[in-house]
1. Would you please give the FRET efficiency between Ser145 and Gln189, computed as 1/(1 + (r/R0)^6) with r the Cβ-Cβ distance and R0 = 22 Å, to the nearest 0.05?
2. If you find the alpha carbon centre of the stretch 231-269 and of the stretch 158-223, how far apart are they in angstrom?
3. Given a Förster distance of 35 Å, report the FRET efficiency between Ile268 and Leu182 from their Cβ-Cβ distance, rounded to the nearest 0.05.
4. If I stretch the segment between Lys93 and Lys166 completely, what's the gain in nm (0.36 nm per residue apart, minus their alpha carbon distance), one decimal?
5. Among Ala167, Ala134, Ala63, which one shows the highest mean-square fluctuation when the chain is modelled as a Gaussian network with alpha-carbon springs under 10 Å?
6. Given points 7 Å out from each Cα along the Cα-Cβ axis, report the Asp197 to Asp234 separation in nanometres with one decimal.
7. Counting every Cα pair in the chain, what percent are over 24 Å apart?
8. Going highest first, how would you order 257-267, 36-46, 17-27 by mean Cβ packing within 10 Å?
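Read-outs throughout are calculated quantities, based only on the coordinates presented, and are distinct from any laboratory measurement. Only a predicted model underlies this, so the values are computations on that prediction, with no experimental measurement involved. Note that each Cβ is placed from the backbone with ideal geometry, even for glycine, and that neighbours are counted across all protein chains shown.
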Amino acid sequence: MSITLKTPEEIALMRIAGRLAGEVLDYIEPFVKPGVTTAALDKLCHDYMVDVQGCVPAPLNYAPPGYAPYPKSICASINHQVCHGVPNDRPLKKGDIVNLDITTIKDGWHGDTSRMFAVGGDAAISILARRLCAVTNECLWLGISQVRPGVRLGSIGAAIQRHADKAGFSVVREFCGHGIGLRFHEEPQVLHYGKADTGPVLEPGMIFTIEPMINAGKAAISELPDGWTIVTKDRSLSAQFEHTIAVTETGYEVLTLSSGSPPKPDFIS
Ligand code: MF3
Ligand code: CO
Ligand code: CO
C-alpha cells in the first residue's frame, strides 16, 4: 500500500467527517466535570454521534491485528495515561487532566481529533499540567505549520520534538499520526520525532493526522492488562492533541476544527 491522494470531492466528505468529530468534543466539554465517569462521557458521545450526527463511532469494535476489539466508542486517557484509555466507572477528580479522542465515520470517511480537558477548570490543575497541555498544543501546531507541498514528512516530527525537548518534556515514540480516509489508519506513519527534510514528500490531496503524545517525564510507556490503555512507565503526566490535516496546493487545511478547538498559539505563523 502507499499514500492515497484524495480528490476534491473526497476531501469535501472528509471535511464533513472532521468537523463532526470536532463538534463531538465541543458537545462533551460541559460534561467533563468532577464526579462524572468516563463511561458516562463515552455514552453521551456515542449517542450524540449516532443519534444526532448520524455517524458511526470508529473506535467501537475496532480490532487492528494483535488487538482485541476496542470495547467503547471514545478513548479517555487520564493523567499518566498516554492514549487509548478505555472509559470506565471511576469518577473524574478535580485537578485531573483528561484527553478525549473522537473518531467519527460519516458516509464511510473518517475524522479523528482529540484535545485535553482540565477537570474543575484550568485553575484546578497543577502548573506542570497546565504547561504540559500548553506545550503539547504548541507541538501540534508547530507540526501542522510545517505542512505544505514539497516539504518532507520528517520535518513535522522534527519540529515537534525540538519544541518538546526545549520544554524539558519527552515525545512518545511507539504511537504516531497516520494517514486517514476510508480507513481509520492508513499510510503514512507520521512520527512526532525525527529528522527534518527526510521521508516522503508531501503532495496536495494527502490527508493524515498529527497527534503528539508528550510526557512530563521520560518517554517510555507500558500497556495495561486491558490490552489497550497506554501509560507512562514512570507514571508522569502525559498530554495529547490531535487534528486531521489535508495538504492543499499552498499549505494545509485543518479538517477537524470546530468552534471549541483550542486556538493556534500566537507565536506560530
Ligand atoms: N483515535 C486514535 C488515533 O488517534 C486511535 C484509537 S484506536 C481505539 O489514532 F481503538 F483505541 F479507539
Ligand atoms: Co489518530
Ligand atoms: Co484519535
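1. E between Ser145 and Gln189, to the nearest 0.05, is 0.65.
2. The distance from the Cα centre of the stretch 231-269 to that of the stretch 158-223 comes to 11 Å.
3. Working: r = 31 Å, r/R0 = 0.88.
Plugging the Cβ-Cβ distance into 1/(1 + (r/R0)^6) gives 0.70.
4. Values: separation 73, 0.36 × 73 = 26.28 nm, distance 3.03 nm.
Once the chain is fully extended between Lys93 and Lys166, it gains 23.2 nm.
5. So, out of Ala167, Ala134, Ala63, the one fluctuating most is Ala63.
6. 3.3 nm
7. Numbers: 15750 of 36046 pairs.
Considering the chain, 44 percent of its Cα-Cα pairs are separated by more than 24 Å.
8. Values: 257-267: 12.9, 36-46: 18.9, 17-27: 23.5.
Result, highest mean Cβ count within 10 Å first: 17-27, 36-46, 257-267.
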